[in-house]
Amino acid sequence: MTDNHEKFMRRAIELARNGVESNHGGPFGALVVKNGEVLGEGWNRVTSTNDPTAHAEIIAIRAACKALGSFQLEECVVYSSCEPCPMCLGAIYWARPSMLVFAGRREDAARAGFDDQFIYDEIGKSIDSRTIKTKMIMSSEATEVFQLWIEKEDKIAY
């Protein structure tokens, strides 16, 4: 299995390199694999698409989910050229793959100018202490929608 992990990681790193060389975005690549088959690939396209969510892992997850016809990546492995940022890590957990394999560390990304530590720090702060001014309104109205979901009998649970 180690040989396969290395094979797929080489591809993730190659995607990262290609993304940089083509000026699509930052130095990140990712793929999703199931039973040795690549279901989705991605590289960072934030600056080329003006989309702050166009991270390699998100693009690969979207492609793999489309290929599977599912919003979950059961029995899949996500390969990322770098330790995923908070957004991508959240998406990976929501997709529920069986494994995540990464190469570079978030400290390596920080040295290259991609420092996500402030997001990790923000998550732990109270709402009133966060950098982006945050205000909560209409809580009871929003709670009504959650109640609709709770009572919905034909929902697709995830």
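Cβ separations smaller than 6 Å between residues 6+ apart or across chains give the following pairs from region 37-56 residues that are within 12 Å of His24 (Cα to Cα) to residues that are among the β-branched types (Val, Ile, Thr) and surrounded by fewer than 23 Cβ atoms within 10 Å (Cβ to Cβ): Ala54/Val46. Just a yes or no: is a residue in region 124-141 within 26 Å of Val32 (Cβ to Cβ), assigned to a helix (DSSP H, G or I) and either in contact (Cβ under 8 Å) with a residue 60 or more places away in the chain or open to solvent by 90 Å² or more (accessible area, probe 1.4 Å) (or both)? The answer is no, given that none of the residues of region 124-141 is within 26 Å of Val32 (Cβ to Cβ), assigned to a helix (DSSP H, G or I) and either in contact (Cβ under 8 Å) with a residue 60 or more places away in the chain or open to solvent by 90 Å² or more (accessible area, probe 1.4 Å) (or both). Looking at the structure I just gave you, is Lys155 surrounded by fewer than 14 Cβ atoms within 10 Å (Cβ to Cβ) and over 30 Å from His5 (Cβ atoms)? Yes; evaluated as a whole, the condition is true for this residue.
The residues on offer are Ala54, Ala64, Ala60, and the sole one that is in contact with an Asp or Glu (Cβ under 6 Å, 6 or more places away or on another chain), buried (at least 18 other Cβ atoms within 10 Å of the Cβ) and not in a strand (DSSP E or B) is Ala60. The one condition from (1) touching a strand residue (DSSP E or B) at 6+ places or on another chain (Cβ under 9 Å); (2) assigned to a helix (DSSP H, G or I); (3) surrounded by fewer than 18 Cβ atoms within 10 Å (Cβ to Cβ) that Glu74 does not meet is (2).
Within region 2-23, residues that are under 16 Å from Lys34 (Cβ atoms) have Cβ atoms under 9 Å from residues that are part of a helix (DSSP H, G or I) and of a type in the set (A, V, I, L, M, F, W, C) in these pairs: Ala12/Ala56; Ala12/Ala60, counting only partners at least 6 apart in sequence or on another chain. Scanning region 84-123 for residues that are part of a helix (DSSP H, G or I) and not hydrophobic (A, V, I, L, M, F, W, C) turns up Pro86, Gly90, Tyr93, Arg106, Glu107, Asp108, Arg111, Gln117, Tyr120, Asp121, Glu122.
Taking the listed residues Asp108, Asp121, Asp116, the one that is touching a Cys at 6+ places or on another chain (Cβ under 6 Å), open to solvent by 30 Å² or more (accessible area, probe 1.4 Å) and farther than 30 Å from Ile156 by Cα is Asp116, with no other qualifying. If the condition is being part of a loop (DSSP other than H, G, I, E, B) and on the phi < 0 side of the Ramachandran plot, then region 41-51 contributes Asn44, Arg45, Asp51. Considering only residues in region 1-51 that are of a type in the set (S, T, N, Q) and under 22 Å from Ala67 (Cα atoms), the one that is most open to solvent (accessible area, probe 1.4 Å) turns out to be Asn35.
The values are calculated or read from the model by the stated rules, or taken from the named source; none is laboratory data. Please read these numbers as outputs of a predicted model, since none were measured by experiment. Backbone-built Cβ (ideal geometry, glycine too); neighbour counts: all protein chains shown. Note: accessible area is taken over every heavy atom of the protein model, side chains too, but ligands, DNA and RNA are not part of it. Shrake-Rupley method; radii C 1.70, N 1.55, O 1.52, S 1.80 Å.
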